[in-house]
Amino acid sequence: MSELLEVRGLRIEAPKKDGPAIQIVKGVDFDVKAGEVVALIGESGSGKTTISLGSLAYTKPGLEFSGGSIKLKGDDVLTMEPSEVRNLRGNRVAYLAQSAAATFNPALTINEQVTESAVLHGIMTQDEADARAVELYHALELPDPDRIGFRYPHQVSGGQLQRLMAAMALVGRPDLLVLDEPTTALDVTTQIEVLKAFKKVIREEGSAAIYVTHDLAVVAQVADHIVVLYSGEVQEQGSVDQIINHAKHPYTKRLMAAAHAGPKPGMGDKLTDKHDQDTDNIQVKNMTAGYGEIVDGKPAITVLRDINMSVKNGHVVGVIGESGCGKSTLARVIAGLLPPAQGDIIMDGHTLKGLYKNRSKKDLQKIQFVYQMADTALNPKQLISEIIGRPVEMFQNLSGQKNREKVAEILRLVELPVEFAERYPSELSGGQKQRINLARSLAAMPEIMLCDEVTSALDSIVASNVVKLLKRLRDLTGVSFMFITHDLSTVAAFADEIVVLYAGRIVEQGPVDEVLSPPFHPYTRLLISSVPEMRIGWLEETMKKREMAVGIARGVEITDVGCPFYNRCPIAISGTCERVTAPTYELKPGHFISCHHDAKTILDIERNPQQVLHGFEKAIPDEKIAIIAE
Amino acid sequence: MQRMVIQRIFIGLVTLWVVSVLVFVGTSVLPGDVAQIVMGQSATPETLAAYRAANGLDQPLYMQYATWLGGMVTGDLGISKAGGASISSLIGGRFGNTMFLAGVVAIISVPLSVILGLIAAMYPATWIDRVLTFGTLSLISVPDFFIATFMVLIFAVNLGWLPAIAHISPEDTMMETIRASAMPLITLIIVVSAQMIRMTRAGILNVMNSPYIEMSILKGVRRNRIIVRHAFLNAIGPIVNVVALNLAYLVSGVVIVETIFAYPGLAKLMIDGVQTRDLPLVQACAMIFCGTYVILIILSDVAAILSNPRLRNPK
């Protein structure tokens, strides 16, 4: 038998007490050959995670297998005894989940969790498993590999934890790995780092893998074979080249269309004249903010420094940067959730009070916050009509019938049926909940909406629909947006201006097309080149660039003096960049860059990459480069 | 982490001080004149005044408080207003009895409840879980005096196995003491265990919904090991809190059980003190009870801190 895994006619359903069961997976066939990576792709609800868990003979609570077979080296996992199933899981088939942070037990050391399954299944003694784990930590290029296992999960970074989870899966040398969206929740830079480590380790270990994702660009980098799923059925399958370059099925073509083309200038729609008023809606002046007690205008932990930016009426400003750069903190300061230590927030000609409690009702109404997770932001015990009706009553003094009419109007505005008013959030899909989340902010009739990663948890088709909705809302109501995200492609297609934050400082800002075309700030350049392209071999090409290797291997550190990007910057000037705060200069009207290099130098470097390596080698010792670039 | 522990102890001391003020002021504003009660109806105003002067009752309240607090801190609990014996000697034996009762109950009930709670969590919705859930729910709903009276009816009146009155004295042998106090012990074990079993079960089942538990299932770990090794450690915080509150109840809240079995414990002594308007005795007992609460809660907080690796091992 040449196939490692044979899935035939797999059916999984959700039984209902009243009425027929809901079919989740409707007869799926596919194979995984030894040493091959098979990607299951599709949007949420396509059944891709459910199918992948099937290879571990596991279903989420509330689901059950109702037909077909899943044969691992000829043994049908669906008919196994409980003891055989335990021996299958973690030993023959290993699972990697989307969020390593939630998957590691906070109360146990990393090493105990990594080695647990191999020792329990009797494959190795504890000592052998420990040695194997350290070997994997080396292979996964984790820092301090000999001792990282003694730490607790909260003591390592998200990207490291994601790779440690790979070690946990690989320690018992399983025949098959199941990777469930393992990079979706990560920053672009971290995603590359993790993808590279996964790919290397899968190749070295020679194990086969099922890779579940909705991101086609990622699939193009890691998969050998692709299975396209929609609503629990296979639409199309074939080699990665067939699907990526010669898709046949209309659904696959649609997926490709929704997939991100890399961020480029000229992707966005131009503003409609009606709302292009070029007057400032909100202005942030010389603002410094952070957490802890403020003494002499300095917080205990400074996060944001010298922030100067503005959002014009009817404009969309995209705020980008990796996690830990202060994007959400900036929105919290503007919303009044965190008073600034220095500087002013100016709106419609007057300075706003630092803390929301001291702001007038009118000011509160003008600024509305939209949270990332609709699941946690919406009260599960309230009807949609209450969730949206509250701000309508509070800010527009409408109650009774008038309130209900307004709620209906707002629901129509976010393109949801009016009947949804009588439902609870749990009865809606992820995308619908996000629309309610937006509708609640909209109900206050704000002038500006602060959207914190509102599309990050959604898959590409749902996310692009939410962005379309935001555009429509802007055209209809003239509301401004501050759109915080780590997804550059969405910003490129949606924003009018971009603010690039790094370690609490604005390193570059300006009109979207200016920021996305050279000269780039070195950090903007790193972000843009980290966005995966839907092209086979992109990952390898990118990692060959040594300046990418170093930018990716290091994380965000907030520094008090100098340019915080110094230790990741390929063109850093030793002796200057780490000591002196970078000057800010205006390249074109409204386009600012903060860098010790002038625009001409940056452009020269852009054209002549040799120079990049030259400066870069000065900044980083050679042996370190060798390790990173390997 | 050391700082957090020291902070907890400091907060505990402040709480104790606030409690001392409340206890002192509270007992002082109670109606009734100690001198009048002690000297009786026939006392003349002169003898009353003399009594007050001798006992410092004529001084301003804050002076009385300072003297009293000073005594408390140095271990001098004062002289009983009724009978004139030193309060330390009155409390001494009773304190030992209460500690014996609380200690034995704790030693039996804490491991018992945690184990039963674990078992209920390991086999949810099976007959074991149903029996435990039904039993604990029923026992929580039934007041302790009912359980106590019921026990007397069965074991003392009908079966005649155990004495209805828990009469213990220092000369008794260990076996005699245990036999004499068997019924209050069993009653208390039932009362405190029910709540601890339920909290252990709920705490663990709550953790069982976490993604890291699903991960351990997918690693092929047995359910029993998942509960003991993965879930229990994360549920310790809430469990320890309930245990601490129940232990504190054993010291102070057992008045009814002590009264029914005529068990010579501290809570009963305090009730007697209230009846005789023996304020120094009431104050001393109140301080001991509050001290027990504060100490147990500090201990449970420290245990919760120690069981949390985030607090134990900062980044």
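The values are calculated or read from the model by the stated rules, or taken from the named source; none is laboratory data. If you're wondering where the values come from, they're calculated on a predicted model, not measured in any experiment. Note that each Cβ is placed from the backbone with ideal geometry, even for glycine, and that neighbours are counted across all protein chains shown.
Some observations on this one:
- In the condition set (1) of a type outside the set (D, E, K, R); (2) crowded, with 21+ Cβ neighbours inside 10 Å; (3) at pLDDT below 85, B:V274 is compliant with all but (2).
- A:T125 passes every criterion in (1) of a type in the set (S, T, Y); (2) more than 14 Å from every other protein chain (Cβ to nearest Cβ); (3) buried (at least 21 other Cβ atoms within 10 Å of the Cβ) apart from (3).
- The residues of segment A:570-586 that are over 19 Å from A:D306 (Cβ atoms) and under 31 Å from the mean Cα position of the chain (by Cα), listed by number, are A:P570, A:I571, A:A572.
- Only one of the numbered conditions (1) in contact with a Gly (Cβ under 8 Å, 6 or more places away or on another chain); (2) at pLDDT 75 or above; (3) within 30 Å of A:E497 (Cβ to Cβ); (4) among the hydrophobic types (A, V, I, L, M, F, W, C) is not met by A:A300, and that is (3).
- In the set (1) over 16 Å from A:T485 (Cα atoms); (2) in contact with a strand residue (DSSP E or B) (Cβ under 8 Å, 6 or more places away or on another chain), A:I410 fails one condition alone, (2).
- For A:S99, the conditions (1) at the interface with chain B (Cβ under 8 Å from one of its Cβ atoms); (2) without any contact (Cβ under 8 Å) to a residue 60 or more places away in the chain; (3) out of contact with any Ser or Thr (no Cβ under 8 Å at 6 or more places or on another chain); (4) not charged (D, E, K, R) all hold with the exception of (2).
- Among the candidates A:E427, A:E409, A:E422, A:E393, the residue that is under 17 Å from A:R472 (Cβ atoms) and of a type in the set (D, E) is uniquely A:E409.
- The set of residues in segment A:83-96 being more than 8 Å from every other protein chain (Cβ to nearest Cβ) and either in contact with a Ser or Thr (Cβ under 9 Å, 6 or more places away or on another chain) or among the acidic types (D, E) (or both) consists of A:E84, A:V93, A:L96.
- Residues located in segment A:147-165, provided they are without any contact (Cβ under 8 Å) to a residue 12 or more places away in the chain and within 9 Å of chain B (Cβ to nearest Cβ): A:Q155
- Number of the exception - B:R277 against (1) part of a helix (DSSP H, G or I); (2) over 17 Å from B:V104 (Cβ atoms): (1)
- Scanning segment A:364-391 for residues that are at pLDDT below 90, touching a helix residue (DSSP H, G or I) at 6+ places or on another chain (Cβ under 9 Å) and not in a loop (DSSP other than H, G, I, E, B) turns up A:A374, A:D375, A:A377.
- Within segment A:321-355, if we keep just the residues that are more than 21 Å from A:I301 (Cβ to Cβ) and touching a helix residue (DSSP H, G or I) at 6+ places or on another chain (Cβ under 8 Å), the residue that is surrounded by the most Cβ atoms within 10 Å (Cβ to Cβ) turns out to be A:L352.
- Counting only residues that are among the β-branched types (V, I, T) and assigned to a helix (DSSP H, G or I), segment A:480-500 holds 2 of them.
- Every pair of residues 6+ apart whose Cβ atoms lie under 6 Å, when the first sits in segment A:460-474 and is on the phi < 0 side of the Ramachandran plot while the second is buried (at least 20 other Cβ atoms within 10 Å of the Cβ) and of a type in the set (D, E): A:I461/A:E43
- For segment A:508-551, the helices (runs of 4 or more DSSP H) that sit wholly inside it and include 2 or more residues that are of a type in the set (A, V, I, L, M, F, W, C) and either in contact with a His (Cβ under 9 Å, 6 or more places away or on another chain) or buried (at least 22 other Cβ atoms within 10 Å of the Cβ) (or both) are A:512-515, A:522-530.
- Hey, B:A244 surrounded by 24 or more Cβ atoms within 10 Å (Cβ to Cβ), within 20 Å of B:R198 (Cα to Cα) and touching a helix residue (DSSP H, G or I) at 6+ places or on another chain (Cβ under 9 Å) or not: no
- The number of residues in segment B:113-169 being small (G, A, S), farther than 14 Å from B:V257 by Cα and surrounded by 17 or more Cβ atoms within 10 Å (Cβ to Cβ) comes to 4.
- Filter pass, A:S55 being more than 14 Å from chain B (Cβ to nearest Cβ) and in contact with a helix residue (DSSP H, G or I) (Cβ under 8 Å, 6 or more places away or on another chain): no
- The criterion of being free of Cβ contacts under 8 Å to residues at least 40 places away in the same chain and either under 25 Å from A:V37 (Cα atoms) or more than 9 Å from chain B (Cβ to nearest Cβ) (or both) holds for A:M80.
- Matching residues, segment A:552-583, being surrounded by 22 or more Cβ atoms within 10 Å (Cβ to Cβ) and in contact (Cβ under 8 Å) with a residue 60 or more places away in the chain: A:I552, A:P564, A:F565
- Listed by position, the helices (runs of 4 or more DSSP H) inside segment B:1-83 whose residues that are at pLDDT 80 or above and crowded, with 16+ Cβ neighbours inside 10 Å number at least 2 are B:2-28, B:61-74.
- Residue within segment B:241-250 that is within 14 Å of another protein chain (Cβ to nearest Cβ) and at pLDDT below 85 present: no
- All positions within segment A:439-464 that are part of a helix (DSSP H, G or I) and within 14 Å of A:S489 (Cα to Cα): A:S460, A:I461, A:A463, A:S464
- Whichever residue in segment A:128-146 is more than 27 Å from the chain's Cα centre (by Cα) and not charged (D, E, K, R) and, among such residues, is surrounded by the fewest Cβ atoms within 10 Å (Cβ to Cβ): A:A131
- Whichever residue in segment A:552-595 is of a type in the set (K, R) and in a loop (DSSP other than H, G, I, E, B) and, among such residues, is nearest to A:V500 (Cα to Cα): A:R554
- Here segment B:269-315 is the region considered, the condition is being of a type in the set (A, V, I, L, M) and within 14 Å of chain A (Cβ to nearest Cβ), and the residue that is farthest from B:G70 (Cα to Cα) is B:L311.
- Members of segment A:152-181 found to be under 22 Å from B:V221 (Cα atoms) and not in a helix (DSSP H, G or I), listed by number: A:Y152, A:V171, A:G172, A:R173, A:P174, A:D175, A:L176, A:L177, A:V178, A:L179, A:D180
- Condition met for A:D241 (of a type in the set (D, E), over 20 Å from the mean Cα position of the chain (by Cα) and over 26 Å from A:T109 (Cβ atoms)): yes
- Applying the criterion of at least 2 residues that are within 14 Å of another protein chain (Cβ to nearest Cβ) to the helices (runs of 4 or more DSSP H) found wholly in segment B:133-237 leaves B:182-207, B:211-218.
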